């Protein structure tokens, strides 16, 4: 094969470029300290590195969340420490004031100091951090109490994690959330009392059991239909009152009766607010289960304490269908559709299909199923009695699909009525206040969601006076009137409020310690991830220096050899 000068020059230039590329790569590694500077350097390594960078970025955000939560709880604990110091001083002053050796002037001075401590506690109740009121639940832009110690908002917490209550959770990791706030009533209420329900509908005589405040028992009051007498204590110790006493509605009747009984027995009962409510109730003794409509209850809601509601029953929705489906139903852009909890049952029309109803099987979407009406004849007789059996079957098919909006629901049809029964232990996730759905395109949600299912709920209502400040008012009155024995008897109440604050402080302290451990763990994880990323990305600088010098020597040698081989020029031939 004939070798020409041009071939030698091209070969030399190609080899020089290759040497320069390797030299450039080593020079970039040396200047950046990175082994991987572009995806082509190591496609697998860059993929791992990007995942690690994402994980580090996520952990940095979790760390910021944890540090913010730590600061929030640290400020909460500061407020609680100040409250406890104030309450300890109030107890010391109450012990002094209970002594009969004090003069009236000394008692007035004690009352003035306690009044200042009270005002300080109101300020601490509205304590804020970074513009957020720490004891106001999720309503952080609002103060908790007014100057008299009255709550300015409703607050609630529930044991059901699906309930939208006032607990404020910070996300610390993919599966880890911590409640960082303490609700005001957890601090300023030393007493919890339960809501009492008494069924009244359809009962000839219906009883009401109201627990005594000291937990020693309960007051039994029976409402007797047709008896016009006022409250009367029977020989067995129970009470009775006529349902038509004074021609009052049931809630006003009980309010008046309890007031009169309290005047006789003394303040053994806590205060209650009574109201009449109606619920639809599920009767599971029948097959299929039936709904008892508008069952009436008297609801006794405790006042001046944390309210605890334990009423629980499956949530039931019921829709009555009266509309026929005709050809005109398919004339618009939207076919007839029944929606429940985001799940759609859609009716389609296909004149070429066989007459009758065809349910999509299997559904291609966990939250959508179609029912096709076939046949060329006009749809003139498709009443609810015709199509509701298919709707029931379609919804049951979706309820068996994991992740469906109706997973676990039961559906029953009674005549032209369709019932949807929430899963067991669904709690407030499916109650009237929180459920977002409908079982009829024409019936309002409120008219369908008539049964509440709830777990144990703790709450207070706006306008209610905090128990701590009721105690302060009573203590102030006793100091002004010089009732040393009553002041001494109030020490147990003061201790109860101190214990409530100590309980909250211990919970805040425990969560603060946990968050501190989370921050340490995140820092350790971040350091480990960065170490892994460094091993993937970073270059071994000693090795890079050696390789850079080798590549430089190779390049210089190639230049020298090329200069010796390609020496002749055109001038050499013209001499």
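Taking 8 Å as the Cα distance limit and 6 or more residues as the minimum spacing, I'd like the relative contact order of the chain as a percentage. Before the final figure, lay out each step's value.
Values: 933 pairs, mean separation 124.5, N = 575.
Over the chain, the number comes to 22 percent.
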Compute the Cα gyration tensor for the range 79-124, then decide on rounded, prolate or oblate, letting a ≥ b ≥ c be the square roots of its eigenvalues: rounded whenever a/c is under 1.5, prolate when a/b is larger than b/c in the other cases, and oblate in all that remain. oblate
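Run the numbers for residue 234 and residue 96: contour at 0.36 nm per residue of separation, minus the present Cα-Cα distance, in nm. Before the final figure, lay out the partial values.
Details: separation 138, 0.36 × 138 = 49.68 nm, distance 4.51 nm.
The residue 234-residue 96 span can extend by a further 45.2 nm.
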Convex hull of Cα atoms in the range 228-288, direction-averaged projection (nm²): 6.6
Relative to a virtual label point 7 Å from the Cα of residue 402 in the Cα→beta-carbon direction, which members of the range 359-379 show backbone nitrogen distances below 19 Å? 362-368
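Based solely on its DSSP helices, what 222 nm [θ] is calculated for the chain when runs of n ≥ 4 H residues each add -39,500 (n - 2.57) and the sum is averaged over all residues, nearest 500 deg cm²/dmol? Could you put the intermediate results ahead of the total?
Working: 12 runs with 244 residues, N = 575.
Rounded to the nearest 500, the figure is -14500 deg cm²/dmol.
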Between residue 71 and residue 477, the two model label points (7 Å from Cα along the beta-carbon direction) sit apart by a distance in nm of 4.5
For the range 489-532 versus the range 6-85, the gap between their alpha-carbon centres in whole angstrom: 34
For 382-389, 173-180, ranked highest to lowest by mean beta-carbon neighbours within 10 Å, the order is 382-389, 173-180
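Over the range 192-304, what is the relative contact order in whole percent, taking alpha-carbon pairs under 8 Å and six or more residues apart? Display every interim value, and only then the final one.
On the way: 205 pairs, mean separation 29.5, N = 113.
Reported relative contact order: 26 percent.
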Rounded to whole angstroms and listed largest first, the alpha-carbon spread of the range 1-75 along its three principal axes comes to 87, 22, 11
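Kindly state, to the nearest 0.05, the FRET efficiency for residue 227 paired with residue 294, given R0 = 30 Å and r defined as their beta-carbon distance.
Working: r = 25 Å, r/R0 = 0.83.
Plugging the Cβ-Cβ distance into 1/(1 + (r/R0)^6) gives 0.75.
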When a/c is below 1.5 the answer is rounded, else prolate if a/b is larger than b/c, else oblate, so apply that to the chain with a ≥ b ≥ c taken from the square roots of the Cα gyration tensor eigenvalues. oblate
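Suppose R0 equals 30 Å; then what is the FRET efficiency for residue 485 and residue 81 from their Cβ-Cβ distance, rounded to the nearest 0.05?
Details: r = 32 Å, r/R0 = 1.07.
Computed FRET efficiency for residue 485 and residue 81 comes out at 0.40.
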Relative contact order (percent, whole number), the range 125-232, Cα cutoff 8 Å, 6+ residue spacing: 15
If you line up the long axis of helix 5-32 against the longest principal axis of the chain, both from Cα atoms, how many degrees apart are they, to the nearest 10? 30
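If you rank 326, 393 by fewest surrounding Cβ atoms within 10 Å, what's the result?
Starting with the residue having the fewest Cβ neighbours, the order is 326, 393.
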Quick check: residue separation of residue 264 and residue 339 times 0.36 nm, minus the Cα distance between them. What number comes out in nm? 21.4 nm
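Would you please give the FRET efficiency between residue 132 and residue 105, computed as 1/(1 + (r/R0)^6) with r the Cβ-Cβ distance and R0 = 56 Å, to the nearest 0.05? Don't jump to the answer; show the numbers that get you there.
On the way: r = 44 Å, r/R0 = 0.78.
Computed FRET efficiency for residue 132 and residue 105: 0.80.
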Expected output is a single nm value to one decimal: the length gained when fully extending between residue 527 and residue 277, i.e. 0.36 nm times separation in residues minus the C-alpha distance. What is it? 84.1 nm
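No value in this document is a laboratory result; all are computed from the given coordinates. None of these values were measured; they are calculated from a predicted model. All Cβ positions, even for glycine, are placed from backbone atoms using ideal geometry, and neighbour counts span all protein chains on display.
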